1. Mind listing just one residue for me: the one in segment 321-330 that is in contact with a Leu (Cβ under 8 Å, 6 or more places away or on another chain) and in contact (Cβ under 8 Å) with a residue 60 or more places away in the chain and, of those, surrounded by the most Cβ atoms within 10 Å (Cβ to Cβ)?
2. Give segment 9-29 a look and list any residue that's surrounded by fewer than 21 Cβ atoms within 10 Å (Cβ to Cβ) and either touching a helix residue (DSSP H, G or I) at 6+ places or on another chain (Cβ under 8 Å) or among the basic types (Lys, Arg) (or both), or say none.
3. Looking only at helices (runs of 4 or more DSSP H) that fall completely inside segment 245-349, which ones have 1 or more residues that are within 30 Å of residue 218 (Cβ to Cβ) and at pLDDT 95 or above?
4. Please indicate, with yes or no, whether at least one residue in segment 245-254 is crowded, with 17+ Cβ neighbours inside 10 Å and within 20 Å of residue 306 (Cβ to Cβ).
5. Consider residue 220 carefully, then state whether it is without any contact (Cβ under 8 Å) to a residue 12 or more places away in the chain, among the charged types (D, E, K, R), part of a helix (DSSP H, G or I) and more than 14 Å from residue 16 (Cα to Cα).
6. What do you reckon, is residue 208 modelled with pLDDT under 95 and of a type in the set (D, E, K, R)?
7. Test of understanding: among 230, 185, which residue is under 25 Å from residue 39 (Cβ atoms) and either touching a His at 6+ places or on another chain (Cβ under 8 Å) or not aliphatic (A, V, I, L, M) (or both)?
8. Out of all the residues in segment 35-47, is one or more without any contact (Cβ under 8 Å) to a residue 12 or more places away in the chain and surrounded by fewer than 21 Cβ atoms within 10 Å (Cβ to Cβ)?
Amino acid sequence: WVLMATGRSPTNIAVIKYWGKRDEALILPVNDSISVTLDPDHLSATTTVAVSPSFPSDRMWLNGKEISLSGGRFQSCLREIRKRACEFEDEKKGIKIKKEDWENLHVHIASYNNFPTAAGLASSAAGFACLVFTLGKVMNVKEDYGELSSIARQGSGSACRSLYGGFVKWCMGKKDDGSDSLAVQLADETHWNDLVIIIAVVSSKQKETSSTSGMRDTVETSPLLQYRAQTVVPSRVLKMEEAIKNRDFDSFAKLTCADSNQFHAVCLDTSPPIFYMNDTSHRIISLVEKWNHSQGTPQVAYTFDAGPNAVLIAPNRKTAALLLQKLLYYFPPQDKNLSSYLVGDKSIL
Ligand code: DP6
């Protein structure tokens, strides 16, 4: 017999960034973070897990190509899910699996990203969230999403926030074993459904410094990181929660832009400095800042992760259309500064 389950998880974009670990093995962060989960139709991972007594080993295929499962992060997720697996019975198919049987049953996993191949956008958040969710489904795990998020966290920190739609907070937690470092939903996908997210793809190349090694260098060398994690982020998180609750775009946009800029300042404060943004990224920031300043209130928010691509958040479709017009004017397609645009609508998360 073969038992199968399929799941789909979208990626998420942090508006208060996670950068820096206090425990590398368990992936415990130095500060809380807040994100918005994207619409799964645009950027998501779809994973099918099959279990069968005839599988001699665990195997995985990513976008059709077999990949190695020897990495510690994958093994942590699989181990944590196996620990929580429950008895399963399907009389019609003649399947009966006792709790202790799961230890000896192997999995075959096939995962696909629907990210446009040229987008060069991070996929580990959606990938690990989906992997943990689907493994949990096939192994009859009864734990809630909070518990699953703390397992996904051990695959990739930002993955814990992709277990929920809408606005999500990753609470850093205090315990050494990481059991209180998990994601909670601040507001569901219907709460602020006018927001429109546009990703301007500046470069589809793989980033030069991975998040994992970048944040390790930052923790070791940046004096600014401590100030950010201990003094700035705690109060910023409270303000952001308030802005989300009240759908206050003005505060939301100011906090989002400020946090992106401080994250990149911390990267610059790292030795050797890490440059994730490029000239085109900087020009996009100027364009938005000038526009926002000329109107007296923020029209659009920008945020950049560990790469040069801009994530732009507009309060509604009308402003999003204006933004696209401006981007096309300042970055004409023939100049090839921007390779493509992805338009996501938070309302259909
Ligand atoms: C800049 O979650 O990719 O996107 O935990 O080492 O896998 P690891 O790092 P990862 O880092 C994401 C960093 C970020 C900010 C964020 O998503 O909060």
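1. Applying the first criterion (in contact with a Leu (Cβ under 8 Å, 6 or more places away or on another chain)) to segment 321-330 yields 323, 326-327, 330.
The next check asks that each one be in contact (Cβ under 8 Å) with a residue 60 or more places away in the chain; those that pass are 323, 327.
Values: 323: 22, 327: 20.
Result: 323.
2. Correct list: 21, 22, 24, 25.
3. 249-268, 279-295
4. For segment 245-254, residues crowded, with 17+ Cβ neighbours inside 10 Å and within 20 Å of residue 306 (Cβ to Cβ): absent.
5. Judged against the criteria, residue 220 is a match.
6. Taking the combined requirement at face value, the residue satisfies it.
7. 185
8. Initially, segment 35-47 is screened for residues without any contact (Cβ under 8 Å) to a residue 12 or more places away in the chain, giving none.
No; the residues of segment 35-47 include none that is without any contact (Cβ under 8 Å) to a residue 12 or more places away in the chain and surrounded by fewer than 21 Cβ atoms within 10 Å (Cβ to Cβ).
The values are calculated or read from the model by the stated rules, or taken from the named source; none is laboratory data. Just so you know, these numbers come straight off a predicted model, no measurement behind them. As a convention, Cβ positions derive from the backbone with ideal geometry for all residues, glycine included, and neighbour counts pool all protein chains shown.
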